[in-house]
Amino acid sequence: MFDLSRRRLAYWFTLSMGSILILFAFTVYQRQVTEQMREFDKEVYAQAKEIASLTSYEQQGKSWQINTENVSLPSRVVATESKIICTRWYDAQKHLSEFIGKCPGSQTLVSRQWQTIEYDCNHQDMTYQTKLRILSLPLKKNKSLIGYLQVAVSLEAVNNSLARSRLLLSLGIPITLGFTGIVGWLLAGLAMQPARQSYEQLQRFTADASHELRAPVAAILSNAQVGLLTPAEDTIQPRQRLANVVTQSKYMSDLITNLLFLARHQGKLKPQDVGKFDVAKLLNSLAIEYQTFAIDKGIVFNSDIPTKPVEIYGDLDLLQQAVRNLLDNAIKYTHSGGMVALSLLVKHRQIFLITVKDTGIGIPASDLPYIFDRFYRVDKARTRQTGGFGLGLAIAQQIIQAHDGKITVESELGQGTAFQICLPNN
């Protein structure tokens, strides 16, 4: 499913970028054609004006005699290194009077100022077709029309330049599209990673939740069926079965409560839920409560919490729940004779570090990256009665992240574990 989505993302990315690239290349090429032709025409016009100035005219009766002795074509080129092929002079009646060079096409003067025609060019016993750009200028003397000048220049150099541009574009566009496709594939992979991770987490969450609920439902059904088969005169077994049903129902209720908690408290805290409270007072009350639990289990409980008020903005109930989850785990996985410590450290008056440390069984290094995942248990073999749901650390992390904080863990197998909550005082 994700590979198909990735291919589609890469395909649409390449298609959209390719379309933009082709449109851009076409626009650049058209711009280049326009600019080169504009410069070419400008140079041709300048050469034509110069030729017109070098041509002398003598009036003989009602006609004009044209003298082209000062005009020489072989040395005349335009900026694009295109040679002037031919120059023609016409009288006022548009009849050809004089020409220099090999003049192609019709001898009749065309009324348009600019025109482009096909031309068969011979070079080294080879004939090939090229294009000529022809300019026709009226010649005036004393504001009177005396004739026309026509200049024909080969477009071969311009066409060669444009052909090189087309070659570069025809090679560059496919190569660029190939790179675009590769980049699109990589970007699609990066874009799909969060969705893939979320999907995998959802699948794992659904499977784990189904597994967790299947056992108590089966137990309830089994106890109910056995209870129905019990003889009517037996009054002891039904009560035992009902007690088992109540126990499993409480387990399911606690599990559902935790799942609802995770669903309802996603994202940042709502402004109406944020208040100012004394976090030192909160931790001191928890220390007194859990010291009793520690004594019952034969564990030493130490606390290092400032006596002065330490005020912080946040949700008191949620933060209390997060610390409780950490303390529950610390007490649960520390053997008799061990130690559990709760401390609060204020850094730079803006950062609060809450640490829960124990000398319990520790967590294997291979499990540390996953301990905050929902339903994850380090010891896969332990029962739900001793191992809980595997949601406590996930809830704690979600609460701390909602406070713009961070929770980290350090552990060594057989030596103990230390959880640290870093909270900013926003």
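The values are calculated or read from the model by the stated rules, or taken from the named source; none is laboratory data. Please read all numbers here as calculations on a predicted model, not as lab measurements. No Cβ is skipped: glycine too gets one built from the backbone with ideal geometry, and neighbour counts run over all protein chains shown. Note: accessible area is taken over every heavy atom of the protein model, side chains too, but ligands, DNA and RNA are not part of it. Shrake-Rupley method; radii C 1.70, N 1.55, O 1.52, S 1.80 Å.
Once all protein chains are placed together, Ile66 keeps about 30 Å² accessible to a 1.4 angstrom probe.
For the set Lys270/Lys332; Lys297/Lys347; Lys49/Lys94, the pairs lying more than 30 angstrom apart at their alpha carbons are Lys270/Lys332; Lys297/Lys347.
What the stretch 1-52 shows is 69 Å² of accessible area per residue, with the surface traced by a 1.4 Å probe over protein heavy atoms. The listed residues Arg377, Arg196, Arg166, Arg112, once ranked by accessible area (1.4 Å probe) with the largest placed first, stand as Arg112, Arg166, Arg196, Arg377.
Applying 0.36 nm per residue to the separation of Leu96 and Gln197 and subtracting their alpha-carbon distance, the gain on full extension is 28.0 nm. The slack between Asn142 and Leu221, meaning 0.36 nm per residue of separation minus the straight C-alpha distance, is 16.6 nm. Taking the protein heavy atoms of the stretch 288-410 in the context of the full set of protein chains, the accessible area attributed to carbon and sulfur is 53 percent at 1.4 Å. For the pair Ser165 and Gln65, a Förster radius of 56 Å applied to the C-beta separation gives a FRET efficiency near 0.75, rounded to the nearest 0.05. Could you work out the local net charge near Ser136, counting Lys and Arg as +1, Asp and Glu as -1, over the other residues with Cβ closer than 14 Å to its Cβ? Charge balance in the 14 Å sphere: +4. What FRET efficiency do you get for Phe26 and Asn425 if R0 is 41 Å and r is their Cβ-Cβ distance, rounded to the nearest 0.05? Efficiency, from the Cβ-Cβ distance: 0.10. Once all protein chains are placed together, Phe13 keeps about 70 Å² accessible to a 1.4 angstrom probe.
Within the shell defined by Cβ-Cβ distances under 13 Å, the residues around Gln320 carry a net charge of -3, with Lys and Arg each +1 and Asp and Glu each -1.
Nearest 0.05, what FRET efficiency do Ser210 and Val33 give at R0 = 51 Å with Cβ-Cβ as r? Rounded to the nearest 0.05, the efficiency is 0.15. Computed with every protein chain present, the accessible area of Trp185 is close to 100 Å² [probe 1.4 Å]. Full extension of the segment from Asp317 to Ser5, taken as 0.36 nm per residue of separation minus the current Cα-Cα distance, would add 108.1 nm.
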